[in-house]
Each structure stands twice: as C-alpha cells, then as structure tokens.
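Notes for the one structure printed next.
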Amino acid sequence: MGKLEEAKGILSAIGMPRQQSNDRSAYVLLALGNMKETDSWANAQNPAKRIVDIMGFMSEQYGKDYKPNSRETIRKDTIHQFVDGAVAEKNTDSANRPTNSPKYSYCLTGEMLKLIKTYGTSRWQEALQQFISAQGTLIERYSQHKEIGMLPVVVNGQEFSFSPGEHNYLQKLVIEEFAARFAKGAEVLYIGDAENKELIKNREALEAIGVSITNHDKLPDVVLYAKETNWLYFIEAVTSVDPISSKRMQEIDAMSAKCTAGRIYVTAFHDINKFKRFIGQLAWETEIWIADEPDHLIHFNGDKFIGPRDEKPVM
C-alpha cells in the first residue's frame, strides 16, 4: 500500500468526514508530516508549513500539482477541518497574522504526530483509541453541532452566521477586512447569504439616500454606507461570476440614479489569480480588492485611488 492510501486510512480511522479523507486531504497530511513515499511513519515530523509549502511538497514528492488558486480550497476544505479535528494547529508565529496571509503556517499537533508515528506497528490500535477518546471524532462533532460549519461574522455590532461556502467566506472577509481598512465606521445596509438572500436589507436607509429598490432589483452582494463621508459602497464578492462590469454598473446606476451619496464600486476577489480571470470584464473607474493582499486596492484608471465617480479629485 502506498503512502497516499495509508494517509487516507489514517484520516478515516480518526473519524474525519469523507470530504477530509480524500486524496487532497491525504496529501496535506503527508506534507504536514514531511512524509515521502519511502519514509517510515515512525520518522514523521511536524515542521510549520505555509499552504504554498504544502502544495510544493505535494508537487515535488508525489507529482500532485494543484493550481495556485487552489490554495484557498486547501485552506477552507482541509486545513480548517484538520484544526477542528486536532490533526493540525496554527503555528505560534502566525498568531498575529490574518488567516489569509500567505505567511500563515500550520503544523501537526503533538497528539497527531504521536499517533501517526505508531501507524503500522502493534501500538497503533491502542494509540488510535487514546487519540479518539481524548479528541472525539470530527464526524460526531459535526453531526452534533451543525453550527460548527457556519461562518460567524459580526455585522453592525450584531453576531450572525453565514452558511459555509467560498462565496460567503469572501463576503465575511469583505465585512471584516475590507471595511475595516477602506470603509471605517460604515454600516452594512445589505448583505445576502447563500441560503438567506436578504440576511440584512435596510430598505428604509437605502431609500433615504436615494437608492430605489424593489423585490425584483438585484443589489450587489454587499452594500456599505459611511455616514461621515457620505460614501456608498457597492461591492460584488466574485468567486465564479458577476464582477462590476460596465453592464453591472449601469444596472446599479439605474437603481441609484437619485442617490445623494457618493457611489463607489468594488469587486472583491480571493486572490490575484481569480482577479486575472475576470480582468477583461471589469468596468473602468472601479476598485478591485484582493483578500490575499488586504491592505491594498487596485484602481481601474482615473485620477484618484478611491472615491465616488461623480466627485472631483482633491488637487
């Protein structure tokens, strides 16, 4: 049996869900354990590795090449569950970094390292039972606590939970990372959830500043309003479709033609590779925010970095 199948067997034995006992997660386990095909599990290690290091190990040692934009999938669909299941933990050097930082790193927990070192020996079954007794299984925890998969987010001072998924995770980053940097003090007037399209919809506030909406209008994913500057942010969180294109901007302009606030149009992406896929569709005079580089904006043309399209630049 090869190392890939052995790693899948280990993940299954400790009770990881099916989605985290697949090839991708097994390769991640091998990378975190620094396990090459010919290595003995007794020699497993737990060095701290960034997602990019994990992907590099998969490629170099097992010929498994994942595209660069798969980094977020590995983080959200394997690493996060590994942390929940006591398989991996955040490296202490990453404590003060944002979770989407490229320098954020992970390592196997001491308990997991101790367990896998016994794989294939007479001590495996006893060590496995001790691990499960101490940690439980993630399958049990997920089935008993459905909310463990939800994405907690604080919106306008209140706690909400987004349903899990790539798109909602990006919306969460828009609220927590983008707004904190580029829309300080802004109120969320609208945000939808994959399962609740109108999780927050402040119709009265939108109409008060001249945004005419009906039940048939399609608002952007996130709408923020900064009262101090009187700026209104229309934000699309793009994972697969619908950036702020010229057509999309015209649609938003139509519903906000009487708007008394300065309008800002933003397209948010997880990473630079996703941005590159949509660059030909983006409208001029809009902003691009990339979650992997949260401190920066890309301004598509114009004579200022950020601001409403209908205001003159400050000279």
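The values are calculated or read from the model by the stated rules, or taken from the named source; none is laboratory data. Quick caveat: nothing in here was measured; it's all calculated off a predicted structure. In this analysis, Cβ positions are derived from the backbone assuming ideal geometry, glycine residues included, and neighbour counts consider all displayed protein chains. SASA here: full protein model, heavy atoms, side chains in, ligands and nucleic acids out. Shrake-Rupley method; radii C 1.70, N 1.55, O 1.52, S 1.80 Å.
Points to keep in mind about this one:
- Checking each residue in the range 56-85 for being more than 17 Å from the chain's Cα centre (by Cα) and within 16 Å of Ala31 (Cα to Cα) picks out Gly56, Phe57, Met58, Ser59, Glu60, Gln61, Tyr62, Gly63, Lys64, Asp65, Tyr66.
- Residue selected from the range 182-204 under the condition modelled with pLDDT of 90 or more and in contact with a Leu (Cβ under 9 Å, 6 or more places away or on another chain), by the criterion nearest to Phe275 (Cα to Cα): Phe182
- Subset tally (residues that are of a type in the set (D, E, K, R), assigned to a loop (DSSP other than H, G, I, E, B) and either modelled with pLDDT of 95 or more or open to solvent by less than 80 Å² (accessible area, probe 1.4 Å) (or both)) for the range 261-294: 3
- From Gly136, Gly120, residue being open to solvent by 50 Å² or more (accessible area, probe 1.4 Å), modelled with pLDDT of 60 or more and small (Gly, Ala, Ser): Gly120
- Asp242 falls short on exactly one of the conditions (1) open to solvent by 30 Å² or more (accessible area, probe 1.4 Å); (2) farther than 30 Å from Ser70 by Cβ; (3) modelled with pLDDT of 85 or more, and that condition is (2).
- Some residue of the range 49-60 being assigned to a helix (DSSP H, G or I), touching a Gly at 6+ places or on another chain (Cβ under 9 Å) and open to solvent by 40 Å² or more (accessible area, probe 1.4 Å): no
- Checked against the criterion of being open to solvent by 30 Å² or more (accessible area, probe 1.4 Å), out of contact with any helix residue (DSSP H, G or I) (no Cβ under 6 Å at 6 or more places or on another chain), farther than 17 Å from Glu89 by Cα and outside any helix (DSSP H, G or I), the candidates Asp65, Asp39 yield just one match: Asp39.
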